[in-house]
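Let me begin by presenting the structure, written as structure tokens, before commenting on it.
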Amino acid sequence: MHAEATLVPLLFFGSVFAFPLVRRQLIHRHEMERLAALRPALPAPESAAPPAADDAPALALRLPEPHRQYALALLCRLQDAPYDRLDPQAQFLLRQARLDYLPATLRAYLHLTPAGRQQLLARGYSPEAHLQEQLETIARGVTAALGLDQTAAQHLLTQGRFLKDRFEDGPGTVREYLRS
């Protein structure tokens, strides 16, 4: 009898305190299931995942010196380019160099197998010299793209010629109009 007198209040207080905890757990589980149903299904992982969109820095760090420094300097130059002040053609060329041309060049060198290296050497190409040549070609292209944007300079020169035509001496200028 004594056990029943202790057990009944214990069950009562246990249910009073346990019910909110169980209820909260059920609500949480329901919310997680609802969110999982709303989330779009993730595609199955591919065996050969495409390379990351911005893996050029990681690739550059795997290069031997001095190519590592050259590639990193080129990446810095591409990162610091004033894209917002360039014409669309120059912007496109710089983005392609940053996201496509440079990573593809670095990947090609880093995935070179010993047999591929021997094949290049047999043809008279040094893989390192060939990599340096390709990096320099990209750098020259970046320099050319940054120099292409002469739109602002052309506008300034055109405006200067226009103002000279309008305000300096000559037929049809403002000075001639004011004299008459």
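The values are calculated or read from the model by the stated rules, or taken from the named source; none is laboratory data. For clarity, every value in this text was computed on a predicted model and none was experimentally measured. Counting neighbours? That spans all protein chains shown, and the Cβs are built from the backbone with ideal geometry, glycine included. When the accessible area is computed, the model is the full protein with side chains, heavy atoms only, and any ligands, DNA or RNA have been set aside. Shrake-Rupley method; radii C 1.70, N 1.55, O 1.52, S 1.80 Å.
Take GLY170 and tell me if it is open to solvent by less than 50 Å² (accessible area, probe 1.4 Å), modelled with pLDDT of 80 or more and either among the acidic types (Asp, Glu) or more than 36 Å from the chain's Cα centre (by Cα) (or both). Taking the combined requirement at face value, the residue does not satisfy it. The set of residues from segment 62-75 being open to solvent by 80 Å² or more (accessible area, probe 1.4 Å) and in a helix (DSSP H, G or I) comprises just one member, GLN69. Could you count how many residues in segment 78-125 are open to solvent by less than 60 Å² (accessible area, probe 1.4 Å), within 23 Å of ALA58 (Cα to Cα) and not in a helix (DSSP H, G or I)? The qualifying residues number 2.
What pairs come up if the first residue lies in segment 90-116 and is at pLDDT below 90, the second is surrounded by 14 or more Cβ atoms within 10 Å (Cβ to Cβ) and not in a helix (DSSP H, G or I), and their beta carbons are under 6 Å apart, counting only those six or more places apart or on different chains? From residues that are at pLDDT below 90, the pairs are ALA90/ASP149. The residue that is surrounded by the most Cβ atoms within 10 Å (Cβ to Cβ), among those in segment 126-150 that are in a helix (DSSP H, G or I) and among the acidic types (Asp, Glu), is GLU128.
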